[in-house]
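Colleague: Structure provided below as structure tokens; questions to follow.
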Amino acid sequence: MKKTLLFIFFLLSIIAEAQQITVSPAVFQVNQQIKITASFASSTCNTMGTSPTKVYMHAGIGNEANPWQVVKGNWGADDGVGLMTKETNGTWSITITPSVYFGLTATQQTAATKMGIVFRNANGSQTLKLAPSCSDFFVNVGSFQVTLTSPAENSTTIINSGSSFAISATNSGGAGSYTLKSNGTTINTNASTSSYSYTHTNITGNQSYELIATQGTTTVSKKFAVVVNPNTISEAMPAGLVDGINYNPTDFTKATLVLDAPLKDFVYVAGSFNNWQPTSAYAMKKDPATGKFWLELTGLVSGVNNTYQYWVVDTTPIANSPSMVKTADPYSTLVLSPYDDPSIPASKYPNMPVYPIGQNFEVTVLKTGQTPYNWQVTNFEKPEKEKLVVYEVLVRDFDASRSYQSLIDRIDYFKNLKINAIELMPVMEFEGNESWGYNTSFHMALDKFYGTSDKLKEFIDLCHQNGIAVILDVALNHAFGRNPMVRMWMNDPDGDGFGSPTAENPYFNTVAKHSYSVGEDFNHQSLKTQYYVNRVIKQWIQEYKIDGFRWDLTKGFTQSCTAGDNACTDGYRQDRVDILKKYADFSWAVDPTHYTIFEHLGTDAEEKEWANYRVTETPSKGVMMWGKMTKEYNQLSMGYASESNIYRMNSANRGFAANRLMGYAESHDEERLMYKNVQYGAVNGSYNVKTLNTALSRMSAIGAVSLLIPGPKMIWHFGELGMDDSIFSCNNGTVNDETTTTPGDCKLDTKPQPQWTENWLGDSNRNKIYNDWAKMITLKKTEPVFLGTATMNNAATLAVNIKITNSSLTSAQLKDVLILANFGTTAQNIATGFPYAGTWYNLMDNTTITVTDVNAPVNLPAGEYRIYGNKVANLAIEDFEKGNSVNLYPNPVSDYFTLNAGFVKVQIYSVSGQLVKSFNSNGTSDSQFGVSELQSGLYIVKASDENNKTQVMKFIKR
């Protein structure tokens with residue numbers, strides 16, 4: 001059964017089964033009216049149910065090689081194109097004339113021999129496909145039909161050198177003329193016959209056949225192949241090679257390929273360097289020690305793109321498994337796709353290598369003599385884990401241009417928000433283009449839809465220049481059907497080249513070993529899978545300088561459970577604990593300061609083992625845990641006390657020894673807080689949370705009681721502007737949220753861009769959230785008090801009280817903070833409990849209050865908050881935010897910088913708020929301050945004059 005996603009349809013050489021669809025008349029010409037009827041009586045390959053409410057026919061027409069050349073229908077759109085009519089017997093029908101319906105030209109009408117069909121519901125989330133393979137329906141067009149009787153169409157036959165090969169075919173509609181080509185050269189013709197046969201003798205090399213039959217103006221083509229067993233040479237592989245492409249460091253005319261393919265008999269390398277017709281010189285050798293196949297390529301040209309595939313052969317395959325699979329390299333770092341690449345604009349990926357004509361499936365790109373990217377920041381100092389504020393981004397939905405360039409162009413947006421890390425949802429090669437990216441097929445290759453490799457590196461480099469770490473979301477629980485390691489050992493009964501893993505597969509389980517199955521399930525106890533995962537880790541850290549990984553769906557890394565067994569999957573699994581520690585160890589071996597984040601959402605017993613793992617080392621390790629708190633914070637934002645307990649936003653309250661909980665109120669997987677505020681918010685007289693501006697006014701308080709709790713935190717993009725579009729917004733503008741009959745259908749749909757088109761930064765109600773959160777993030781990053789401990793009530797309440805203290809600080813420093821918030825719908829006296837009496841400062845504006853009774857409540861209007869500290873902020877907000885009249889130059893800085901005004905004290909802080917260097921000056925202008933020993937990165941300068949007036953500015957150290 002195929003695992004497909006969204007709009008990907010693979011072409012299958014089968015005809016429609018009568019019990020599912022009928023075509024009347026059964027034999028028809030392209031310009032003849034026909035009636036297509038579909039039955040939904042069976043549930044097999046039918047996710048629409050036996051009584052669908054609306055049915056669309058999504059159809060294409062073309063030739064044998066591609067029945068989808070001309071497509072009619074707009075997938076996911078309820079626009080009437082292809083809408084069918086319900087018959088009295090419960091079936092659904094549509095009447096068309098193919099030439100008119102598809103708008104075919106005269107040339108297209110002549111060439112049309114086959115239609116492809118899929119039936120769907122209105123939004124495309126449910127389908128009816130051909131049973132039992134769940135593939136597309138195909139219908140013959142025209143009275144002239146050719147049947148290849150031997151061998152099977154699109155088959156590959158394995159023979160020994162010198163053997164003969166018999167070919168036979170029949171046709172309908174009377175005699176036709178036949179031409180047989182092999183490797184592009186005509187080897188036989190027959191001018192008039194309805195029963196063709198020919199035997200090709202003494203075959204010594206691989207043959208790609210095409211049998212072309214013609215009757216009048218109609219031409220039908222059938223393809224098949226013969227591969228000669230080269231009798232694999234056993235030879236030791238050179239030392240130091242890894243799976244995939246091994247570039248020769250000194251000779252750019254050479255590269256060595258390595259493929260690990262257990263149980264396979266031989267492998268050819270076919271590519272642009274041998275015109276995709278490999279001879280015995282391109283048969284891979286086999287290393288006797290490891291069993292891996294390898295081959296050194298010679299005669300390559302430096303700087304020239306080459307493309308290739310492996311022809312992987314099993315001479316005695318198990319039932320329903322193909323004898324030969326043509327596949328790209330599992331360790332590809334760039335692949336070309338015949339399915340996705342045609343719709344990638346040249347503006348996003350200029351000069352994309354051209355997909356080779358006549359090939360199928362993905363191909364790998366190989367290029368010797370590549371020019372390395374010129375990194376401007378080579379030794380980025382990552383922000384401390386405890387001070388991380390991560391901004392989660394789906395490149396596809398961040399900006400209408402959907403590209404890395406759009407992120408580069410809006411770097412000031414990130415900088416002004418003061419976040420210090422960006423987490424990109426998966427950008428590894430995934431199936432389709434407009435995807436969330438979790439349907440990964442090649443984990444070491446960058447998907448091309450968002451831009452080039454150098455453009456991503458430019459973005460990462462720019463982030464590093466501005467003190468921002470870049471984290472990558474990785475989906476290594478699973479892979480999807482185009483993945484080579486799925487395809488090399490797959491069940492493929494219909495022969496379309498895609499399938500599910502067989503019992504022989506050394507990487508994948510045949511069924512998921514957990515209850516959250518997505519795609520094909522990796523077996524992480526397999527040493528081969530572990531090797532693959534480690535290679536993926538190393539690739540992204542070393543090639544792209546990625547600062548950390550957010551590991552998706554880590555619950556799936558166990559081998560101990562079965563599908564549907566939630567109790568097992570959600571419980572403590574020792575094999576899962578061990579393998580994930582092993583992967584973390586490897587990450588830290590490559591980069592000791594690498595961020596490791598698990599999306600586990602499981603029990604504290606398992607999560608705290610990772611959170612506490614190796615935290616006492618220098619540098620401190622420990623896995624950060626994805627901390628979902630959406631329901632609790634949404635209850636607060638809507639104004640409901642029930643289930644509003646945010647106690648578990650604090651790492652210590654989950655039993656973690658260190659602040660390793662990456663808590664969040666919003667993420668890509670949960671509904672937007674603001675959407676639910678305006679849909680379901682509390683109403684109390686004139687105070688109505690459902691009113692947009694009222695709901696927006698409560699979001700600053702959400703930031704105060706989430707972002708400032710010690711430990712790493714995460715923001716889902718545009719939460720800081722009060723994004724109120726549902727995550728279930730559909731492409732057609734409707735919303736399929738939890739109130740609809742098919743909730744969640746449009747979660748993966750591409751989202752609109754109101755934050756830019758409506759200039760939300762210019763909206764004072766939305767801009768206030770952005771600016772308030774920026775101030776809070778600045779406090780978190782620069783003030784050591786937020787490295788301390790938090791005291792919170794373990795209760796559901798709309799009156800929030802959070803005490804934060806850092807006992808390692810002195811009373812002369814900002815060491816105590818009290819956060820108060822009123823999420824009710826009326827003004828409330830909020831209990832305080834100040835640690836001591838005296839002057840306390842509102843850290844958002846540095847105004848003061850005098851506290852005489854430490855337990856005296858503070859009256860707060862509905863939806864408001866206060867952040868009180870015993871001292872002003874070290875880098876006071878008003879100074880940090882305002883523009884400077886003082887110039888620091890040069891900037892970026894190499895060895896020293898100069899200030900054009902006189903100061904008596906100059907202090908340099910890292911972006912994490914640590915004092916790294918201090919100068920006492922004579923107060924004269926144009927003094928020079930040496931910083932040659934500082935590492936590359938972004939720094940903050942705090943300069944004080946003789947009147948103790950302070951200026952704050954930044955510089956980049958080269």
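Rule-based calculations on the coordinates, nothing more; no lab input. Keep in mind that what you see is a predicted model, and the values were worked out from it rather than measured. Note that we place each Cβ from the backbone using ideal geometry, even for glycine, and neighbour counts take in every protein chain shown.
Colleague: From the C-alpha gyration tensor of the range 888-957, pull out the three semi-axes of the equivalent ellipsoid (sqrt of 5λ each), sorted largest to smallest, in whole Å.
Modeller: Largest first, the range 888-957 gives 18, 13, 10 Å.
Colleague: At R0 = 56 Å, how high is the FRET efficiency between SER161 and VAL304 if r is their beta carbon distance? Nearest 0.05 is fine.
Modeller: Computed FRET efficiency for SER161 and VAL304 comes out at 0.95.
Colleague: Here is a further query. Using the alpha-carbon centroid of each, what span in Å lies between the range 253-314 and the range 158-224?
Modeller: Going from one Cα centre to the other spans 29 Å.
Colleague: Cα-Cα over 24 Å: which of LYS72/LYS181; LYS385/LYS545; LYS690/LYS775; LYS775/LYS871; LYS385/LYS513; LYS292/LYS555?
Modeller: In this structure, LYS72/LYS181; LYS690/LYS775; LYS385/LYS513; LYS292/LYS555 lie more than 24 Å apart at Cα.
Colleague: What lysines could a cross-link reach from LYS905, if we take a straight Cα to Cα line under 19 Å and drop same-chain neighbours fewer than 8 places away?
Modeller: The reachable lysines, counting only those whose Cα sits under 19 Å from LYS905, are LYS917, LYS942, LYS949, LYS954.
Colleague: Still on this structure, please answer the following. Taking the chain as the reference, fit the longest principal axis to its C-alpha atoms, fit the long axis of helix 453-465 to the helix C-alpha atoms, and give the angle between the two in degrees, 0 to 90, nearest 10.
Modeller: 10 degrees
Colleague: Right, here's the next one. How many nm is it between the label spots at ILE408 and ASN948, if each spot is 7 Å from the Cα in line with the beta carbon?
Modeller: The modelled label-to-label distance comes out at 4.7 nm.
Colleague: Quote the FRET efficiency, to the nearest 0.05, computed for GLU617 versus ASN534 with a Förster distance R0 of 30 Å and r equal to the Cβ-Cβ distance.
Modeller: 0.90
Colleague: Moving to a separate point now. Could you point to the residue in ILE203, ASN505, MET674 farthest towards the positive end of the chain's charge dipole, with +1 and -1 charges on the Cβ of Lys/Arg and Asp/Glu respectively?
Modeller: Farthest towards the positive pole: MET674.
Colleague: Hey, another quick one. Charges only on Cβ, +1 for Lys and Arg, -1 for Asp and Glu: so what's the dipole of the range 888-957 about the Cα centre, in debye to the nearest 20?
Modeller: Result for the range 888-957 is approximately 220 debye, rounded to the nearest 20.
Colleague: Sort 396-404, 249-257 for me by packing, meaning the mean count of neighbouring Cβ atoms within 10 Å per residue, highest on top.
Modeller: Final packing ranking: 396-404, 249-257.
Colleague: Placing +1 on the Cβ of each Lys and Arg and -1 on the Cβ of each Asp and Glu in the chain, which of MET48, GLY571, MET115 has its Cα farthest towards the positive end of the resulting dipole?
Modeller: Final value for the positive-end residue is GLY571.
Colleague: Could you give the size of the charge dipole of the chain about its Cα centre, using +1 on the Cβ of each K and R and -1 on the Cβ of each D and E, expressed in debye and rounded to the nearest 20?
Modeller: Once rounded to the nearest 20, the dipole reads 360 debye.
Colleague: Based on the Cβ-Cβ distance of ALA563 and ALA319, what FRET efficiency does E = 1/(1 + (r/R0)^6) give at R0 = 22 Å, to the nearest 0.05?
Modeller: Working from the Cβ atoms, E equals 0.40.
Colleague: Rank-order 773-779, 225-231 by packing density, defined as the average count of other C-beta atoms within 10 Å over each peptide's residues, highest first.
Modeller: 773-779, 225-231
Colleague: Please state, as a whole number in µm²/s, the translational diffusion coefficient that the Stokes-Einstein equation yields for the chain at 10 °C and 1.306 mPa s, with Rh defined as the Kirkwood radius across alpha carbon pairs.
Modeller: 51 µm²/s
Colleague: Looking at ASN947, ILE357, TYR640, which one has the Cα that reaches farthest to the positive end of the dipole of the chain (charges on Cβ: Lys, Arg +1; Asp, Glu -1)?
Modeller: ASN947
Colleague: What is the packing order of peptides 754-767, 605-618, 356-369, 263-276, taking the mean over residues of other C-beta atoms within 10 Å and listing the highest first?
Modeller: 263-276, 356-369, 605-618, 754-767
Colleague: Expressed as a fraction of 2.2 N^0.38 Å, the rule-of-thumb size for a compact globular protein of N residues, what is the C-alpha radius of gyration of the range 117-180?
Modeller: 1.69
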